[in-house]
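The block underneath contains the structure these notes are about, expressed in structure tokens.
The values are calculated or read from the model by the stated rules, or taken from the named source; none is laboratory data. Bear in mind the structure is a predicted one, so any value in this text is a computation, not a measurement. Virtual Cβ from ideal backbone geometry, glycine too; neighbours counted across all protein chains shown. Only protein heavy atoms, including side chains, enter the accessible area calculation; ligands, DNA and RNA are left aside. Shrake-Rupley method; radii C 1.70, N 1.55, O 1.52, S 1.80 Å.
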Amino acid sequence: VYDNVIDLGAIPLDDEKTFQLLQAGDTTGVFQLESAGMKRYLKELRPTQFEDIIAMVALYRPGPMSEIPRFIAGKNNPDAVQYLHQSLEPILSDTYGVMVYQEQIIKLLQMVAGYTPGEADLVRKAIGKKKRDIMAAEEPKFIEGCEKQGLTEPQAKKLWAQIQPFADYSFNKAHAACYGMIAYWTAYLKAHYPDAFMAALMTSDADDIDRLAIEISECRHAGITVLAPDVNQSFVEFAVVPHENKIRFGMAAVKGVGTSAVEEILRTRDEDGLFQSISDFARRVSTG
């Protein structure tokens, strides 16, 4: 059906159709983005850039999930984003004032509290591993460093308190970006090649009846017809019907029908032509 070869590395990261799909929450089958909660947040966020996807991948987990509404509010109204202190703006502006990545806490410790890069990463690890003795020893140093940058003592203490849970649950940005890239690629493929994407998705879930039901429903939602299995038309896997926006059900996904049986049907069909009747099918396949 599609004669072009897709180079994933060449896919543009600002593709309009892909972002329209993401904004609509049509993400069934899209890596990391297909849960009901994620779909709701994507509709509210209306992502417009790849960085939005990276951040959502990092935030949609127990702990940071509570920050998603604030992230969405900042995305929708950047002028309303507020910072505890102006020194935090260069660090958190890309994520609308919300701490999202481990790299941000390392920058914060350096730029706001005066730590060296090595010291900052050691403190981040200590907080993440809940090493209370190190944390207790670092708090006065942190507060003193913040005060030198112009924060008040209450602001420094509040910032220290905010860092504690964040360091425990944060992703590093490189990790989130790798997940986000796969999410974007699958969204791109679904947006541009919906029938082929859904056929591949259903083939991968052929042994999961519950998932197949969800995916067939998703096909209907997208205007794609899923045709019943047919011994004269179907193959082992789910297959696109060329130029008809239809998918033929894969015979191997029929309960109780194994791949070897389907391969025998296909061999007989290829060698002797289409089956003319049930009796013709039974005679040719059984004696194949």
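Yes or no: region 86-96 includes at least one residue that is at positive phi, surrounded by 13 or more Cβ atoms within 10 Å (Cβ to Cβ) and outside any helix (DSSP H, G or I). Break it down into steps so the answer makes sense when it comes.
In the first step, residues of region 86-96 are kept if they are at positive phi; the result is 96.
Okay, now just the ones that are also surrounded by 13 or more Cβ atoms within 10 Å (Cβ to Cβ), so 96.
Narrowing the set further to residues that are outside any helix (DSSP H, G or I) leaves 96.
Taking every residue of region 86-96 in turn, at least one turns out to be at positive phi, surrounded by 13 or more Cβ atoms within 10 Å (Cβ to Cβ) and outside any helix (DSSP H, G or I).
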Could you count how many residues in region 218-241 are closer than 14 Å to ASP205 by Cβ and open to solvent by 60 Å² or more (accessible area, probe 1.4 Å)?
1
Given (1) part of a loop (DSSP other than H, G, I, E, B); (2) open to solvent by 60 Å² or more (accessible area, probe 1.4 Å); (3) not basic (Lys, Arg), where does ALA113 come up short, assuming only one miss?
(2)
Those residues of region 121-137 which are surrounded by 19 or more Cβ atoms within 10 Å (Cβ to Cβ) and touching a Leu at 6+ places or on another chain (Cβ under 9 Å) amount to VAL123, ARG124
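Answer yes or no as to whether MET65 is outside any loop (DSSP other than H, G, I, E, B), out of contact with any strand residue (DSSP E or B) (no Cβ under 6 Å at 6 or more places or on another chain) and open to solvent by less than 10 Å² (accessible area, probe 1.4 Å).
Working: outside any loop (DSSP other than H, G, I, E, B): yes; out of contact with any strand residue (DSSP E or B) (no Cβ under 6 Å at 6 or more places or on another chain): yes; open to solvent by less than 10 Å² (accessible area, probe 1.4 Å): no.
In short, no.
Do we find that LYS107 is surrounded by fewer than 20 Cβ atoms within 10 Å (Cβ to Cβ), in a loop (DSSP other than H, G, I, E, B) and either modelled with pLDDT under 95 or in contact with a Pro (Cβ under 9 Å, 6 or more places away or on another chain) (or both) in this structure?
Working: surrounded by fewer than 20 Cβ atoms within 10 Å (Cβ to Cβ): yes; in a loop (DSSP other than H, G, I, E, B): no; either modelled with pLDDT under 95 or in contact with a Pro (Cβ under 9 Å, 6 or more places away or on another chain) (or both): yes.
For LYS107, the condition - surrounded by fewer than 20 Cβ atoms within 10 Å (Cβ to Cβ), in a loop (DSSP other than H, G, I, E, B) and either modelled with pLDDT under 95 or in contact with a Pro (Cβ under 9 Å, 6 or more places away or on another chain) (or both) - is not met.
Have a look at ARG70, ARG132 and point out the one that is within 25 Å of the chain's Cα centre (by Cα) and among the basic types (Lys, Arg).
Sole residue among the options that is within 25 Å of the chain's Cα centre (by Cα) and among the basic types (Lys, Arg): ARG70.
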Say whether the condition of being touching a Gly at 6+ places or on another chain (Cβ under 6 Å), open to solvent by 60 Å² or more (accessible area, probe 1.4 Å) and touching a residue at least 12 places away in the same chain (Cβ under 8 Å) is met by at least one residue in region 174-191.
no
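Quick check on region 242-288: of everything there that is surrounded by fewer than 16 Cβ atoms within 10 Å (Cβ to Cβ) and touching a residue at least 40 places away in the same chain (Cβ under 8 Å), which residue is farthest from ALA222 (Cα to Cα)? Write out each step before concluding.
So in region 242-288, the residues surrounded by fewer than 16 Cβ atoms within 10 Å (Cβ to Cβ) come out as 242-245, 254-261, 263-264, 266-267, 270-274, 276-280, 282-283, 286-288.
With touching a residue at least 40 places away in the same chain (Cβ under 8 Å) added as a condition, the list becomes 242-243, 245, 255, 274.
On the way: PRO242: 17, HIS243: 15, ASN245: 10, LYS255: 25, LEU274: 31 Å.
Within region 242-288, the match that is farthest from ALA222 (Cα to Cα) is LEU274.
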Out of (1) open to solvent by 60 Å² or more (accessible area, probe 1.4 Å); (2) modelled with pLDDT of 95 or more; (3) touching a Gly at 6+ places or on another chain (Cβ under 7 Å), the odd one out for LYS39 is which?
(1)
Inside region 151-166, can you point out the residues that are in contact (Cβ under 8 Å) with a residue 12 or more places away in the chain and either open to solvent by 50 Å² or more (accessible area, probe 1.4 Å) or assigned to a helix (DSSP H, G or I) (or both)?
GLN155, ALA156, LYS157, LYS158, LEU159, TRP160, GLN162, ILE163, GLN164, PRO165, PHE166
Test PHE71 against the criterion of being touching a residue at least 24 places away in the same chain (Cβ under 8 Å), in a helix (DSSP H, G or I), among the aromatic types (Phe, Trp, Tyr) and farther than 16 Å from ILE182 by Cα, and give yes or no.
yes
Between a first residue in region 224-238 that is within 10 Å of ILE265 (Cβ to Cβ) and hydrophobic (A, V, I, L, M, F, W, C) and a second residue that is open to solvent by 40 Å² or more (accessible area, probe 1.4 Å) and part of a loop (DSSP other than H, G, I, E, B), which pairs have beta carbons less than 9 Å apart while being 6 or more apart in sequence or on different chains?
VAL231/LEU274
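Report, by residue number, each residue of region 1-47 that is among the basic types (Lys, Arg) and part of a helix (DSSP H, G or I).
Of everything in region 1-47, those that are among the basic types (Lys, Arg) and part of a helix (DSSP H, G or I) turn out to be LYS17, LYS39, ARG40, LYS43.
Among the residues of region 138-150, which ones are of a type outside the set (Asp, Glu), open to solvent by 40 Å² or more (accessible area, probe 1.4 Å) and free of Cβ contacts under 8 Å to residues at least 40 places away in the same chain?
Quick first cut of region 138-150, residues of a type outside the set (Asp, Glu) only: 140-143, 145-146, 148-150.
Subset that is open to solvent by 40 Å² or more (accessible area, probe 1.4 Å): 140-141, 148-150.
If the condition is that a residue be of a type outside the set (Asp, Glu), open to solvent by 40 Å² or more (accessible area, probe 1.4 Å) and free of Cβ contacts under 8 Å to residues at least 40 places away in the same chain, then PRO140, LYS141, LYS148 are the ones that fit.
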